[in-house]
Amino acid sequence: MRTAPKIVLPESDRLLLAETARSATAPARDVLRARISLKAADGVGSRDIAASLGVSANTVGKWRRRLAEHGVAGLCDSPRPGRKPVHGKAKQEEIVAKAIAEKPDNRTHWSTRAMAEAVGVSKSMVSEVWRANGVKPHLESSFKLSNDKHFTEKLRDVVGLYLNPPEHSLVFCVDEKTQIQALDRTQPGLPMKRGRNGTRTHDYVRHGTCCLFAALNVLNGEVLAKCESRHRHQEYLGFLRQIDAVVPAGLDIHIVADNYCTHKHHKVAAWLEKHPRVAVHYIPTSSSWLNMVERFFGKITQERIRRGVFRTVLQLTEAIDDYIEAHNRDPKPFVWVRTADEILAKLEPIARLLDKTMK
């Protein structure tokens, strides 16, 4: 008759197993193995352990031997090889290559089912291969590479202002957020509660629009703003005068702006000639990402405008003014970290690929 191996547990292992045996959240298999181990260490026979825990004697013997040979580490399951893959590496490469280089007939992009049918595998395998290789045919990002002939010079000029602003000066990023709609919903939305998102109707009633002129102070993140009903050169010129009046006389003003025709109107140019302390730095065309006030526009849209309910334009402008006032009480600047050389190095392969595609 075989004799069950004697179990001697260090105090640290006994405490660990006792904690597992009492746990209400540990996997049931771990709890059972811990209880078997503790009873074995107390000198209880295998048959008695099996009877008290409602398992077979073979099960008790198995984990008792593992504990005697390998200690507590022996209570873990050994790794298993799993089922051999039905399709090999070549099929996976075919799925990836086909998704990247080809498009299905009469569709703009592949779905898992369409790809599975085309290559003769299951849709779950297609999904698994795409996830493993970072292939997402259902997603598409937008971009626009500037074709400005002076892109590099303008980029270095604007990024230089952000990273090394001139002494005794302030840098402002200026732009307009146009056609902000005062939207009212056709029915009141339902409030959020546990297990359910807040709701709003898909349709709305328009009550007019306004235009937000904003100047972001790059140094401290404060925003100087003004709401207007239109965005002509008259309103833009008035906003420049407002910036000029706010900035102390001993400081120069550097303004980062886009190439909108209003910003280059001859009356605006004439005013700039009469105010030499105001210098305008134009970003390259199709490069709104270089103007940091666009980041603020995204923030106010997300946090105050998009989900707001406004029954008049006045309500909309008051909401915008209140948001900006609260923002300026504790402003936090957007910090530009990339140098012009780093940006150009990242754009170079994109420009080469785009040029090759257009040819």
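Read-outs throughout are calculated quantities, based only on the coordinates presented, and are distinct from any laboratory measurement. Here the structure is a predicted model, which is why all the values come from computation and not from measurement. Counting neighbours? That spans all protein chains shown, and the Cβs are built from the backbone with ideal geometry, glycine included.
Within the listed set 95, 180, 36, the residue fluctuating most in the Gaussian network model of the chain (springs between alpha-carbon atoms under 10 angstrom) is 36. From the Kirkwood radius over Cα pairs of the chain, Stokes-Einstein at 37 °C and 0.692 mPa s returns a whole-number translational diffusion coefficient of 118 µm²/s. Measuring from centroid to centroid over Cα atoms, what is the spacing of region 1-58 and region 267-291 in Å? Region 1-58 and region 267-291 have Cα centres separated by 79 Å. Each other residue within a Cβ distance under 13 Å of residue 185 adds +1 if Lys or Arg and -1 if Asp or Glu, for a net charge of +3.
Summary of packing: across the peptides 43-50, 335-342, the per-residue average of other C-beta atoms within 10 Å ranks them, highest first, as 43-50, 335-342. Would you mind pulling out the separation of the Cα centroids of region 153-171 and region 184-225, in Å? With region 153-171 and region 184-225 each reduced to a Cα centre, they are spaced 33 Å.
Annotation note: GluC sites (Glu not before Pro) in region 151-197 located in DSSP loop regions with a Cβ neighbour count of at most 12 within 10 Å are 167. Computed from backbone phi, the HN-Hα couplings of region 49-65 come to 5, 4, 5, 6, 9, x, 10, 7, 5, 4, 5, 4, x, 4, 6, 5, 5 Hz, rounded to whole numbers (Karplus: 6.51 cos²θ - 1.76 cosθ + 1.60, θ = phi - 60°; Gly and Pro given as x). Summarising the overall dimensions of region 11-75 from its C-alpha atoms, the Rg and Dmax are 10.8, 28 angstrom.
Couplings 3J(HN,Hα) for region 296-311, derived from phi with the Karplus relation 6.51 cos²θ - 1.76 cosθ + 1.60 (θ = phi - 60°), are 5, 4, x, 5, 5, 5, 5, 8, 10, 8, 4, 9, x, 10, 10, 8 Hz, where x marks Gly and Pro.
Selection among 317, 333, 354 by position relative to the dipole of region 302-359 gives 354 as farthest towards the positive end (Cβ unit charges, Cα centre). Taking every alpha-carbon pair under 8 Å whose residues sit at least 6 apart, region 11-75 reaches a relative contact order of 25 percent. Ellipsoid semi-axes for region 40-95, based on the Cα gyration tensor and the rule √(5λ), read 41, 13, 7 Å when sorted largest first. Above 15 Å, the calculated P(r) of region 153-208 contains 72 percent of its Cα-Cα pairs. Each stretch of four or more DSSP H residues adds -39500 (n - 2.57); spread over every residue of the chain, this sum gives -14000 deg cm²/dmol at 222 nm.
Applying D = kT/(6 pi eta Rh) to region 201-359, where Rh is the Kirkwood radius over alpha-carbon pairs, T corresponds to 20 °C and eta to 1.002 mPa s, the Stokes-Einstein value obtained is 118 µm²/s. Look at the dipole of region 89-133 built from charges on Cβ: of 118, 132, 106, the Cα furthest out on the positive end belongs to 132.
Considering only alpha-carbon pairs that sit under 8 angstrom and 6 or more positions apart, the relative contact order computed for the chain is 14 percent. Note on residue 312/residue 262: beta-carbon distance plugged into 1/(1 + (r/R0)^6) with R0 of 25 Å gives a FRET efficiency of 0.45. Highest GNM mean-square fluctuation among 284, 27, 188, for the chain modelled with Cα contacts below 10 Å: 27. As an exercise, find the ratio Rg/Rh for region 1-150 from alpha-carbon atoms, using the Kirkwood inverse-distance average for Rh. So for region 1-150, dividing Rg by the Kirkwood Rh gives 1.34.
Note on residue 77/residue 117: beta-carbon distance plugged into 1/(1 + (r/R0)^6) with R0 of 45 Å gives a FRET efficiency of 0.75. Placing +1 on the Cβ of every Lys and Arg and -1 on the Cβ of every Asp and Glu, with nothing else charged, gives the chain a dipole about its Cα centre of roughly 2200 debye. Computed over region 290-330, the Cα gyration tensor eigenvalues convert (square root of 5λ each) into semi-axes of 19, 13, 8 Å, ordered from largest to smallest.
For region 89-133, a Kirkwood radius taken over Cα pairs fed into Stokes-Einstein (37 °C, viscosity 0.692 mPa s) yields D = 318 µm²/s. Simple point charges give the picture: +1 on the Cβ of Lys and Arg, -1 on the Cβ of Asp and Glu, and for region 6-110 a dipole about the Cα centre of about 340 debye.
Using the alpha-carbon positions of region 220-287, Rg (one decimal) and Dmax (whole number) come out as 12.2, 34 Å. Here's the picture: charge each Lys and Arg Cβ at +1 and each Asp and Glu Cβ at -1 in region 212-273, and of 218, 250, 270 the one pushed furthest to the positive end of that dipole is 270. Across region 95-186, Cα pairs under 8 Å and at least six residues apart give a relative contact order of 20 percent.
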